[in-house]
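Below: one structure, written as structure tokens.
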Amino acid sequence: MAADRYPIRVLLKRFSPRKPTGRLLLACMLAGTLAAQSARSKTPYDVGRVREPHLFAEGVISTEDDEVGGTFSSDGTEFYFVKFNQYTNFPRLGLICVSYFRNRKWTIPEVVSFSGRSLDFPPKLSPDGKIMFFSSLRPVPGKTARVLSIWSVERTASGWGEPKPLPAPINAPDNASNWAPSVTRDGTLYYTSTREGGHPHIYRSRYVDGSYAEPEKLGPEINSEFNETDPYVSPDEKVLVFASSGDDLGDKDRRETLKGGGVLYARADLYVSVIHDGKWSPARHLEHGINSTADEGSPLITPDGKYLFFTSERSPFTVPTAHPLSYEEIERMLHSTLNGHGNIFYIGIETLDLAGTQVSK
């Protein structure tokens, strides 16, 4: 998800309390699973106007476990995401999973053929659905440093092929982590990198004559003195949604960052930017309950441009608690979907307030 979450925060996962709001609790009470609602929809995730965050496919995809990220096939019938084991230290595992929309419901997820042995992170499909990009700590031939690298795998007639690490200049230098890839229709790759040392930031690499050009760091409209990660770029390269966070307890942060509920370390919030005259607009903090005092990240706009999907660690826990908790209450909260581990949410695209910007399909 956000800033150091991949090389640090996901690898050393910590509990995520949040301050509940009436808006969120009402949204969760009113939200049925997207799978059940989609029986009346044109596509599996088309449920009409959604003005507050709703859990996606609760009990099937969003569970009491730790789920992160997501990408849809172009027809919306395949959803790929990552399920992490819940260790707070090594060894960490991240499995890329897929759920299919069949018989008007989402199937029990299964691990894709090329995942299941290492620490893999949320994938993104190319707009034509033929290539999947993801990041992983799996060993890269010729590299000795244990860092995140970006991989791609092609769809074949019989399924997915064998992943290959992207060549330089993407996975470079050898001691830099590169992760969270997102690709446009013309092959331009947006991703997070520590290639300049220090904070992770968002870079862009054009795809020209079958090769990736030297990455360029996005300007101050996107990258700040803090940490930027998890870019999602629309196929036409007109909309960019990403995560940003401070460093840790007591450090500065973007002034809009939501804080409270006993949170003791930096959490990421989501931001959006759009292209104006060939230049990204200053990043704007998302509203409408998308951001919380918990960690948000892994944004995705659905292929039809109608919904924003994202991951959040929000939960009903706060410190101090609203009242002394009983054993029964804490058991119920710990084993509920909203227990502070990652879950996948969705909300209508209109809540991004894109001021007439059309998200291409």
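So the values come out like this:
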{"quantity": "C-alpha center-to-center spacing [the stretch 206-238, the stretch 173-188] in angstrom", "calculated": "8"}
{"quantity": "Distance between modelled label sites at GLU350 and VAL111, nm, 7 Å Cα→Cβ extension", "calculated": "4.3"}
{"quantity": "Packing rank of 163-169, 121-127, where each peptide gets the mean count of other beta carbons within 10 Å, highest leading", "calculated": "121-127, 163-169"}
{"quantity": "Ordering of 144-154, 334-344, 228-238, 272-282 by packing [mean C-beta count within 10 Å, highest first]", "calculated": "228-238, 334-344, 144-154, 272-282"}
{"quantity": "Quotient of Cα Rg and 2.2 N^0.38 Å for the stretch 98-230, N being how many residues it contains", "calculated": "1.11"}
{"quantity": "Simple label model, 7 Å out from Cα along Cβ direction - GLU64 to GLU225, nm", "calculated": "4.4"}
{"quantity": "Amide H within-cut-off set for THR188, under 5 Å, with H built and near neighbours excluded", "calculated": "TYR207"}
{"quantity": "Gain on full stretching of the segment that runs from ASP277 to ARG104 - 0.36 nm per residue minus C-alpha separation", "calculated": "58.0 nm"}
{"quantity": "HN-Hα J in Hz across the stretch 74-84 - Karplus 6.51, -1.76, 1.60, θ = phi - 60°, x for Gly and Pro", "calculated": "4, 8, x, 9, 10, 10, 10, 7, 10, 10, 9"}
{"quantity": "Contour excess over end-to-end distance, with Cα ends at ARG49 and ASP174 and 0.36 nm allotted per residue", "calculated": "40.4 nm"}
{"quantity": "Calculated FRET efficiency for the pair SER118/THR77, C-beta based, R₀ 30 Å, to 0.05", "calculated": "0.65"}
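Just so you know, all these numbers are worked out from the coordinates, no wet-lab data involved. If you're wondering where the values come from, they're calculated on a predicted model, not measured in any experiment. In this analysis, Cβ positions are derived from the backbone assuming ideal geometry, glycine residues included, and neighbour counts consider all displayed protein chains.
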